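Structure, as structure tokens:
The values are calculated or read from the model by the stated rules, or taken from the named source; none is laboratory data. Because the structure is a prediction, the values reported are computed rather than measured. Glycine gets a Cβ as well: all are built from the backbone with ideal geometry, and neighbour counts include every protein chain shown. All accessible areas refer to the heavy atoms of the entire protein, side chains included, with ligands and DNA or RNA removed. Shrake-Rupley method; radii C 1.70, N 1.55, O 1.52, S 1.80 Å.
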Amino acid sequence: MVGLKPSDVPPTMAVKFLGAGTAACFADLLTFPLDTAKVRLQIQGENQAAQAARLVQYRGVLGTILTMVRTEGPCSPYNGLVAGLQRQMSFASIRIGLYDSVKQFYTPKGSDNSSVTTRILAGCTTGAMAVTCAQPTDVVKVRFQASIHLGPGSDRKYSGTMDAYRTIAREEGVRGLWKGTWPNIMRNAIVNCAEMVTYDVLKEKLLESHLLTDNFPCHFVSAFGAGFCATVVASPVDVVKTRYMNSPPGQYLSPVDCMIKTVAQEGPTAFYKGIMKKLGTADAPLTLFSVLCHAELLGALTMVLPEHSEV
């Protein structure tokens, strides 16, 4: 774009996709053990885990990671990492990379700013699109994270990531790879709204009030607020999604049945298991690192690839 510095050039769709996916993968590498610990805590208390629970009891995110390392080996917190990176590359590319474009699509012509309603609608749309495309990778990731291997004699249901896709499709049908799509869409629509809209609004208000300029401190504060809101709002749906996707055929009739059984067996507090720890050591850091990496990568890629920018 003539007359603009590389940093002022609007990023192309390809740059947005690449930046969002790559940033999410970096964030996942840093926070994956925390996410695995969160999954173990969320499924703890289920009937199917009762036998293993007698041998292994998890207490808190850090305690869960230490217990896993002690009982299953040092690599156990990274079970499912390959599927996790596949998920982030497909999921985040759509969820974050398309957000601005969809927001502009919903914004009425002639309007300078997007309303909160428009931003929420854009967040719901990109969240639902991302889940629909990336659901199989999420199912496989959760299955790996939830599986407990106590010693070399324990059974491993899947020999690898590709074997997991094949086994699930063979035993549960292709629909098994999309198991839990609706609760996941609900969860990610909520997360995307809370995360992207909060980040958008916070950043806008910080810039308008001249408290910060458009740089790393501004991105950090906005991303921290976004991660906090997303974690608090989405925790109940996140628990149902994890349990339903990890359940064998027949355990739950539907996501609603999963929610009802969880309340009946463990009470409503089950939906907020480890919520304070999640705020500090699981979901919030993933949001923080993802948004920060995306903001910085987007600027770097735009400067490296200015010739491919929009005209």
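Brief remarks on what is shown
- Among the residues making up region 196-208, those that are out of contact with any Lys or Arg (no Cβ under 9 Å at 6 or more places or on another chain) and either acidic (D, E) or open to solvent by 60 Å² or more (accessible area, probe 1.4 Å) (or both) are L202, E204, K205, E208.
- Count of region 44-67 residues, restricted to those that are under 15 Å from N79 (Cβ atoms), surrounded by fewer than 22 Cβ atoms within 10 Å (Cβ to Cβ) and either modelled with pLDDT of 75 or more or within 19 Å of the chain's Cα centre (by Cα) (or both), is 3.
- Subset of region 230-258 (residues that are closer than 16 Å to M196 by Cβ and either open to solvent by 50 Å² or more (accessible area, probe 1.4 Å) or touching a residue at least 60 places away in the same chain (Cβ under 8 Å) (or both)): V232, V233
- Region 75-90, residues that are among the hydroxyl-bearing types (S, T, Y), buried (at least 19 other Cβ atoms within 10 Å of the Cβ) and within 20 Å of S159 (Cβ to Cβ): S76
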